[in-house]
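Following: one structure in structure tokens, then a few remarks.
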Amino acid sequence: MAITLGLDIGTTSTIGILIDTDGQTLALASRPVTLYSEHSGWAEEDPQEWWRNVTDIIPELLTKSGGSATDIAAIGVTGMLPAVVLLDGDKKILRRSIQQSDGRVGREAEEIATEFNSEEFVRRTGNGINQQLVATKLRWLERHEPGVFSKIATVFGSYDCINHRLTGERVIEHNWALEAGFVDVASRRLDAELIALGHIDRSVLPPVRASHEIIGHVTLEAAGLTGLAAGTPVIAGSADHITSAFVAGIREDGDCLIKFGGAGDIMLAAASPQPDPRLFLDYHIVPKKFMPNGCMACSGAVLNWIISTFASDAIRSEKNPHATLDRLAIGIAPGADGLVMLPYFLGEKTPIHDPDARGTLVGLGLHHEIGHIWRAALEAVVFGFRHHLDVFSELGQPATRLFASDGGAASTIWMQIAADILGQPVHLLKGHPGSCLGAAYIAAFAIGAVDDWDGISRFIKPAGVVTPDHSNRERYDTLYGAYRDVYRCLQPIYPRLANLP
């Protein structure tokens, strides 16, 4: 038996976990993270805060588990991507990170689209030209913060940064490099022509490593700051959404995870890449597999907005206002009495990649109440997931087995809506603490403490299956058609609204 440590550098919190290879979770701890949005569309975080969280979490984990630092056999770090962290020549952080959800770089994305053939870009990188590319952020910095840009000596991501603090090594994990837009997906190598789009020198990007590769060992300095044992192996780590899907059991071709968090993620296991500009493409944790995926900018965040904006004081003051509104929505027929919502409250990422899109309610009447709006929101998110499933099918990679995770998966009505709209059973999970578990398990694999990828299933238990009510299928097919048509009609109008003086 071996004990490993997993750390998740997440958007809203830093989470740590200790597990053993017998399938036991020994301790779990977390700290909040501050998101800075000082201008419209901006999203930044402080890498120093991530590191402070790590130095707080590790001693807490050791105390909770009753173990010592020498018990930890290996460390894995996961995190959001592609966040952009910059170091100068003295390996000091130059500024706050620019997050993957940051939307300030529309001009820069358009510039790259005029310089590089979009079809060739998709073929080479597996991803389209969009505002998530790291080259767009670098160009923005060159234009608006030239003093910072001129000092850049290292560009890497959130978990790469923590790995650097732990080991002193400069490395980028292959999915950060891929979604950043710097890697040829077929060769898995950095591409000089792609790197040049960011107006940086090749030396600024560290070597690329696969998730399960050991990249270094905990230094004496890091050991003193964290309580870890010097010399403990550290792996390259992994993207949080890919690791979360791996933990959920998304390993066989056609397995698909739908994450009902603040945003809405959808990940599919596939044997081969089918690059498409509507989606993102990542490498699977399991070697030689891939994971086409999508991210809807808003999922549960829309529900929180409804509560804060429309709910009565009585509902807002309840311990679980979401459950109260779920009960109201249960009594309303599918389609919310003719109400259709578009959940594009922060613009939208996949599959439409439209930063100008906006949240929209169509069909409002005086007979509608907050329960109708709530149900329309639940349905809207699932319509967005159905849009992704349509794209997967068009690419010849249909989703054949659906799993649900994150906070929204606890909503009985939402899971029934999901099964009904998607027309497939939805498998629920128990004991999924997030991607930190996957990072710890991958670390165990890297040192040979486990010898197969399927062993992750020892940590996660099934929590039932929600089957579709086929009597609702025709109605939802009609509503889904309306959902798609509303966007097509309003797409030309959204930029006029977004660009008002």
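The table for this structure:
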read-out: Residue within the stretch 271-278 that is touching a Phe, Trp or Tyr at 6+ places or on another chain (Cβ under 9 Å), assigned to a strand (DSSP E or B) and either hydrophobic (A, V, I, L, M, F, W, C) or buried (at least 24 other Cβ atoms within 10 Å of the Cβ) (or both) present; value: no
read-out: Any chance Val486 is at pLDDT 95 or above and under 20 Å from Leu342 (Cα atoms); value: yes
read-out: When residues of the stretch 440-455 are limited to those that are small (Gly, Ala, Ser) and over 24 Å from the mean Cα position of the chain (by Cα), the one surrounded by the most Cβ atoms within 10 Å (Cβ to Cβ); value: Ala449
read-out: Among residues of the stretch 51-64, those that are surrounded by 18 or more Cβ atoms within 10 Å (Cβ to Cβ) and either among the basic types (Lys, Arg) or more than 18 Å from Ala230 (Cβ to Cβ) (or both), counted; value: 2
read-out: Candidate set: the stretch 456-482, residues that are in contact with a strand residue (DSSP E or B) (Cβ under 7 Å, 6 or more places away or on another chain) and surrounded by fewer than 18 Cβ atoms within 10 Å (Cβ to Cβ); chosen: the one farthest from Val340 (Cα to Cα); value: Lys461
read-out: Lone qualifier among Asn130, Asn117 - being at pLDDT 95 or above and closer than 28 Å to Asp184 by Cα; value: Asn117
read-out: Matching helices (runs of 4 or more DSSP H) fully within the stretch 152-252 where at least 3 residues are among the basic types (Lys, Arg), closer than 30 Å to Val426 by Cα and in the same structural domain as Pro292 (by TED's automatic domain parsing); value: none
read-out: Exclusive hit being surrounded by fewer than 19 Cβ atoms within 10 Å (Cβ to Cβ) and in contact with a Lys or Arg (Cβ under 8 Å, 6 or more places away or on another chain), set Glu145, Glu108, Glu115, Glu120; value: Glu145
read-out: Yes/no for Gly147 being more than 29 Å from Asp265 (Cα to Cα) and free of Cβ contacts under 8 Å to residues at least 24 places away in the same chain; value: yes
read-out: Answer from Leu437, Leu422 - the residue that is touching a residue at least 60 places away in the same chain (Cβ under 8 Å), within 23 Å of the chain's Cα centre (by Cα) and crowded, with 19+ Cβ neighbours inside 10 Å; value: Leu437
read-out: Test result for Pro321, crowded, with 16+ Cβ neighbours inside 10 Å and modelled with pLDDT of 95 or more; value: yes
read-out: Which numbered condition Arg31 misses (of (1) touching a helix residue (DSSP H, G or I) at 6+ places or on another chain (Cβ under 8 Å); (2) free of Cβ contacts under 8 Å to residues at least 40 places away in the same chain; (3) buried (at least 19 other Cβ atoms within 10 Å of the Cβ)); value: (3)
read-out: Selected residue [free of Cβ contacts under 8 Å to residues at least 40 places away in the same chain and hydrophobic (A, V, I, L, M, F, W, C)] from Ala196, Ala153, Ala180; value: Ala196
read-out: Elements of type strands (runs of 3 or more DSSP E) contained in the stretch 9-111, each with 2 or more residues being under 20 Å from the mean Cα position of the chain (by Cα) and of a type in the set (Ser, Thr, Tyr); value: 13-20
read-out: Failed item, numbered, when Ala329 is tested on (1) outside any loop (DSSP other than H, G, I, E, B); (2) out of contact with any Leu (no Cβ under 7 Å at 6 or more places or on another chain); value: (2)
read-out: Search result, residues across the stretch 34-59 that are among the acidic types (Asp, Glu) and in contact (Cβ under 8 Å) with a residue 40 or more places away in the chain; value: Glu44, Glu45, Asp46
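The values are calculated or read from the model by the stated rules, or taken from the named source; none is laboratory data. All values reported here derive from a predicted model rather than from experimental measurement. Here the Cβ is made from the backbone with ideal geometry for all residues, glycine too, and neighbour counts use every protein chain on show.
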